[in-house]
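Peer 1: Before I ask anything, here is the structure I am working with.
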Amino acid sequence: MTIEAETLDGERMTLSMGPHHPSTHGVLRLIVETDGEVISRAVPDIGYLHRAIEKIGEKLEWAQFVPYTDRVDYVCAMNANLAFCVAAEQLMGSALAPVPRRGECIRVLVAELNRISSHLVAVGVSAMDLGAFTPFLHGLAQRETVNDIFERLCGQRLTYNYITIGGVAFDLHPTAVAEIGTFLDELSREMKRFSQLITVNPIFRDRCAKVATISAAEAIAWGLVGPNLRGSGVDFDLRRDEPYGIYGELDVQVPVGRNYAGRHGALGDSYDRFVVRLLEIQESIRLCRKALELLPPAAAKADDPVGGWQSDASKVLRKPPAGEIYVRTEAPRGEMGYHLVSDGSKMPYRIKIRTGSFAAVGMLEYLCPGLFMADIVTVIGSLDIVLPEVDR
Amino acid sequence: MPALPTADPAALISRFPGLVVRPDGFITVPAGELPTVARMVRDELAFNQLMCLSGVDQLELPGAAAAIGVRYFLASTSRRLRLTLSVEVPRDDGSVPTVSDLWPAALFHEREAYDLFGIRFTGHPDLRRLLLPADWVGHPGRRDYVYPATYNGVQHLRDGQRFVAEKKPVKPAAKPAEPVKAAASESAPPATAPKAAP
C-alpha cells in the first residue's frame, strides 16, 4: 500500500518514534518525516542499548565471554551462546577435542527449542502490535513451557550460559527427554491453532500483504539474513548450506516465501516473512524430534566422546592459536557471525558480532518512505528487530 | 565443520598484481585499489553478499602492521564461496573508499567502523556516529583508547576512583621466583608495602 508522497500537498511533520515505544521492541528511535499519513523519510537512531559487549570481551578470557553472548540477544540466548562457541571452537581448531556426540545433540535440541520460542515471540508480539491480542497469549503460553524446560536444565529462564566452548555445561536432566517429547506433541497440535489465528485473520493479512516488499536481489544486497532473506524467496539457510555441529546429518528443510497472501500480496512482503517464521517453527519441531532420536545414551563422564556432554575441560581453557576467523551460524534472526581475532594469548584480541537485526535496521531508511505511518509497526515486526543485538 | 570453501584468488591476482594473499586466505588490498577490486569481485566473481565488515586495531597484534585493519567478509549465494578482503589504513587520519554503493549493507557497518575505530570511508553518503552519541570524543574500539572521566559534565567515577591503565604482564626473564615467594610469605607487611607506594 504505497502512495506517491509527492502527490499530496501539505506541511511535512517530523515525529520522533521511540526510543520508548511499545512497538519498537526495545529502544529504537525512528525520526520520521511525514507528509500527512505518508512517510517521506525515516532515519533510525540506535545505540540506546549499546553496552560495548565487544570491547568488554577484549578484557576477558575466552570461556568467560559466553555469559555476555546471552545478552547479545536475550530472546534467543541459546543460539547466541552457540554462535560464539562454534566460532571459538573453529578458532581453537585441533587444540580442542571435538564436542562429544551427545553434546552436539543437546546443542541442536536447545537451539531449536529456543528458535521456536523466539519465533513465537516474534510473530505473537507483532500480531499484538497489529491489533490481534489472542495469538500473543497462545504464543507466550508455549514459550513458558520452553522456559520451564530450560530452567530445569540450567537454572535460568532467559540468559542461559548453557552452551560452553567444547560442549554444554550440564547433561540433560533425567526427565528432559520425556518433557521435550510431550512439549513437541503439544506444540504441533497448538501450532495449527496458532497459525490459523494469524494466517486466516483477514485484518492481519491485509495489514501485512504488499507492505515493505523486498525483492530477492535487494534482500541479498542489503545483507538481510534468516527468515527475512528467505521471506524474499532466497533459498539459503546456514544450517543446510554451511552446516555446523550435526546439522549436516539432519536434512534441514528450508521454507521460503512464495507470496503466501495470494492475490492480496506480493513475493517478499511482510506477510511472507511472518509465514516463513511459522513454517520454521514446524521445521524446528521436526529437527528437535530428530535430535532426540539421534541422542546417544548418557555416559558417566563428561568427556566421553559419544555419551559425554563436554570435551575435556582442561583443554577448553587453552589459548587458541593466533589467527583470525569469521564464523556464521543460523540464529532465529538469521546469520549471527563472529569475527574473532586471537593474538595467541588467553584473551580475545577483537570480537565483532554481526547480527541479523543490525542489517534489518540498516534497511529501514530504505524501506519506509511511501508507507503509511501505521505500517512502520508492521515493518519492524516483520523484520523481527531485536535491539540488544543491534546495539550490542 | 565444513564452512563454504574460500574462492581461488588466482583470477583476482592476475588482474591486480598489487594484491597479497595472506596465509589464512585473506586478500590484502591497497586502499586505493579497493573500489575497482570490489566491483570486479561483485560483478564478475558474483560475490553478492557482504556478510560482515569489521574493523580491527592492529596496534598490539603480533605480526601485523600497526594500522587499522578493515575486513570485508564476502559470500556468493550462487557459487557458494567465501572471500575475505583486507585493507590496512594508517592509524592517524586513515581513509578507505566506501563500498556502500556496491553492497548497501555496508552503509551501517561502515558507520559503526567509523564510530568505533575512526576510519573515514570516503564517498559514504551519511558518515555519522552510529552507536555512540554524536558528541562523543574518541574511538573506543582502538586499543589505546583512554576512557574519559566525564561525559557532558557527568562524572563516570566516584571521588578517588580512577580507571587503572592496563598492566602488561611482565615476563620474568629468569626465574628466581621460589626463594622470593618464600620470603614474601614469611613477612607479609613488607611485601605489600611497595604496592601502596606509587
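Peer 1: What is the residue count in the stretch B:23-65 for residues that are at the interface with another protein chain (Cβ under 9 Å from one of its Cβ atoms) and either part of a helix (DSSP H, G or I) or among the charged types (D, E, K, R) (or both)?
Peer 2: Selection size over the stretch B:23-65: 3.
Peer 1: Only one of these is touching a strand residue (DSSP E or B) at 6+ places or on another chain (Cβ under 8 Å), closer than 30 Å to residue A:64 by Cα and more than 10 Å from every other protein chain (Cβ to nearest Cβ): A:348, A:388. Name it. Let's see the steps before the verdict.
Peer 2: On the way: A:388 fails: touching a strand residue (DSSP E or B) at 6+ places or on another chain (Cβ under 8 Å).
Just a single option satisfies the conditions, and that option is A:348.
Peer 1: For the stretch A:171-213, name all the residues that are under 23 Å from the mean Cα position of the chain (by Cα) and surrounded by 21 or more Cβ atoms within 10 Å (Cβ to Cβ).
Peer 2: Of everything in the stretch A:171-213, those that are under 23 Å from the mean Cα position of the chain (by Cα) and surrounded by 21 or more Cβ atoms within 10 Å (Cβ to Cβ) turn out to be A:180, A:187, A:194, A:198, A:204, A:208, A:209, A:211, A:212.
Peer 1: Look through B:117, B:108, B:73 and report the one residue that is within 22 Å of residue B:18 (Cβ to Cβ) and either modelled with pLDDT under 85 or open to solvent by less than 20 Å² (accessible area, probe 1.4 Å) (or both). It would help to see each step written out before you state the result.
Peer 2: Values: B:117 fails: within 22 Å of residue B:18 (Cβ to Cβ); B:108 fails: within 22 Å of residue B:18 (Cβ to Cβ).
None of the other options fit; the residue is B:73.
Peer 1: Pairs under 9 Å by beta carbon, first residue within 12 Å of chain B (Cβ to nearest Cβ) in the stretch A:88-109, partner polar (S, T, N, Q) and part of a helix (DSSP H, G or I), six or more apart or different chains?
Peer 2: Pairs found: none.
Peer 1: Scan the stretch A:87-117 for residues that are acidic (Asp, Glu) and either under 30 Å from residue A:138 (Cβ atoms) or in contact with a His (Cβ under 8 Å, 6 or more places away or on another chain) (or both) and report the count. Steps first, please.
Peer 2: Keep residues of the stretch A:87-117 that are acidic (Asp, Glu), which gives A:89, A:104, A:112.
So of that shortlist, the ones also either under 30 Å from residue A:138 (Cβ atoms) or in contact with a His (Cβ under 8 Å, 6 or more places away or on another chain) (or both) come out as A:112.
Residues that pass the stated criteria total 1.
Peer 1: Would you check if residue B:86 is within 14 Å of chain A (Cβ to nearest Cβ), in a strand (DSSP E or B) and open to solvent by less than 30 Å² (accessible area, probe 1.4 Å)? Spell out how you get there, then give the answer.
Peer 2: Details: within 14 Å of chain A (Cβ to nearest Cβ): yes; in a strand (DSSP E or B): yes; open to solvent by less than 30 Å² (accessible area, probe 1.4 Å): yes.
The answer is yes for residue B:86.
Peer 1: Which of the following residues is surrounded by fewer than 17 Cβ atoms within 10 Å (Cβ to Cβ), of a type outside the set (Asp, Glu), in a helix (DSSP H, G or I) and at pLDDT below 90: A:315, A:346? Spell out the reasoning first.
Peer 2: Details: A:346 fails: in a helix (DSSP H, G or I).
So the residue among A:315, A:346 that is surrounded by fewer than 17 Cβ atoms within 10 Å (Cβ to Cβ), of a type outside the set (Asp, Glu), in a helix (DSSP H, G or I) and at pLDDT below 90 is A:315.
Peer 1: Based on what the data block shows, is residue A:82 in contact with a Ser or Thr (Cβ under 8 Å, 6 or more places away or on another chain), within 14 Å of chain B (Cβ to nearest Cβ) and within 20 Å of residue A:322 (Cα to Cα)?
Peer 2: Numbers: in contact with a Ser or Thr (Cβ under 8 Å, 6 or more places away or on another chain): yes; within 14 Å of chain B (Cβ to nearest Cβ): yes; within 20 Å of residue A:322 (Cα to Cα): no.
It is false that residue A:82 is in contact with a Ser or Thr (Cβ under 8 Å, 6 or more places away or on another chain), within 14 Å of chain B (Cβ to nearest Cβ) and within 20 Å of residue A:322 (Cα to Cα).
Peer 1: Right, next: Please indicate, with yes or no, whether at least one residue in the stretch A:352-367 is over 19 Å from residue A:69 (Cβ atoms) and part of a strand (DSSP E or B).
Peer 2: The answer is no; no qualifying residue exists.
Peer 1: Does residue A:52 qualify as being within 14 Å of another protein chain (Cβ to nearest Cβ) and either touching a strand residue (DSSP E or B) at 6+ places or on another chain (Cβ under 7 Å) or of a type outside the set (A, V, I, L, M) (or both)? Can you show your working first?
Peer 2: Working: within 14 Å of another protein chain (Cβ to nearest Cβ): yes; either touching a strand residue (DSSP E or B) at 6+ places or on another chain (Cβ under 7 Å) or of a type outside the set (A, V, I, L, M) (or both): no.
Judged against the criteria, residue A:52 is not a match.
Peer 1: Another question about this same structure. State yes or no: is residue B:78 small (Gly, Ala, Ser), within 14 Å of another protein chain (Cβ to nearest Cβ) and touching a His at 6+ places or on another chain (Cβ under 6 Å)?
Peer 2: Details: small (Gly, Ala, Ser): yes; within 14 Å of another protein chain (Cβ to nearest Cβ): yes; touching a His at 6+ places or on another chain (Cβ under 6 Å): no.
The answer is no for residue B:78.
Peer 1: Can you name the residue in the stretch A:229-265 that is more than 23 Å from residue B:48 (Cα to Cα) and among the aliphatic types (A, V, I, L, M) and, of all such residues, is farthest from the other protein chains (Cβ to nearest Cβ)? Break it down into steps so the answer makes sense when it comes.
Peer 2: So the first thing to find is which residues in the stretch A:229-265 are more than 23 Å from residue B:48 (Cα to Cα), and the list is A:245-253, A:259-265.
If we keep only those that are among the aliphatic types (A, V, I, L, M) too, we end up with A:246, A:250, A:252, A:261.
Details: A:246: 10, A:250: 14, A:252: 14, A:261: 25 Å.
Here the answer is A:261.
Peer 1: Just to verify a result, which residue in the stretch A:214-228, among those that are at the interface with chain B (Cβ under 7 Å from one of its Cβ atoms) and of a type in the set (A, V, I, L, M, F, W, C), is farthest from the chain's Cα centre (by Cα)?
Peer 2: Checking each candidate, the answer is A:221.
Peer 1: Do any helices (runs of 4 or more DSSP H) entirely within the stretch A:175-278 hold 2 or more residues that are without any contact (Cβ under 8 Å) to a residue 40 or more places away in the chain, more than 27 Å from residue A:82 (Cβ to Cβ) and of a type outside the set (S, T, N, Q), and if so, which? First the steps, then the outcome.
Peer 2: Working: elements: A:176-199, A:202-208, A:216-221, A:227-231, A:238-241.
Once the helices (runs of 4 or more DSSP H) in the stretch A:175-278 are filtered for at least 2 residues that are without any contact (Cβ under 8 Å) to a residue 40 or more places away in the chain, more than 27 Å from residue A:82 (Cβ to Cβ) and of a type outside the set (S, T, N, Q), what remains is A:176-199, A:216-221.
Peer 1: On to the next question. Considering each residue of the stretch A:19-45, count those that are hydrophobic (A, V, I, L, M, F, W, C) and open to solvent by 10 Å² or more (accessible area, probe 1.4 Å), and give that number. Show your work before the answer.
Peer 2: Initial filter on the stretch A:19-45 (hydrophobic (A, V, I, L, M, F, W, C)): A:27-28, A:30-32, A:38-39, A:42-43.
Checking which are open to solvent by 10 Å² or more (accessible area, probe 1.4 Å) leaves us with A:27, A:31, A:43.
Number of matching residues: 3.
Peer 1: Sticking with this one: Of all residues in the stretch A:363-392, how many are under 17 Å from the mean Cα position of the chain (by Cα) and open to solvent by less than 10 Å² (accessible area, probe 1.4 Å)? If you could, list the steps in order and put the result at the bottom.
Peer 2: Start the filter on the stretch A:363-392 by keeping residues that are under 17 Å from the mean Cα position of the chain (by Cα), which leaves A:379-392.
If we keep only those that are open to solvent by less than 10 Å² (accessible area, probe 1.4 Å) too, we end up with A:379-385, A:387-392.
Total meeting the criteria: 13.
Yes/no per residue for (1) outside any loop (DSSP other than H, G, I, E, B); (2) within 12 Å of chain A (Cβ to nearest Cβ); (3) touching a residue at least 12 places away in the same chain (Cβ under 8 Å):
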residue: B:93; (1), (2), (3): no, no, yes
residue: B:101; (1), (2), (3): no, yes, yes
residue: B:108; (1), (2), (3): yes, yes, yes
residue: B:112; (1), (2), (3): yes, yes, yes
residue: B:121; (1), (2), (3): yes, no, yes
residue: B:126; (1), (2), (3): no, yes, yes
residue: B:129; (1), (2), (3): no, yes, yes
residue: B:136; (1), (2), (3): no, yes, yes
residue: B:140; (1), (2), (3): no, yes, yes
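The values are calculated or read from the model by the stated rules, or taken from the named source; none is laboratory data. Everything quoted here is computed from the prediction, not taken from an experiment. We place every Cβ from the backbone using ideal geometry, glycine too, and count neighbours over all the protein chains shown. In case anyone asks, the SASA skips ligands and DNA or RNA and just uses the protein heavy atoms, side chains included. Shrake-Rupley method; radii C 1.70, N 1.55, O 1.52, S 1.80 Å.
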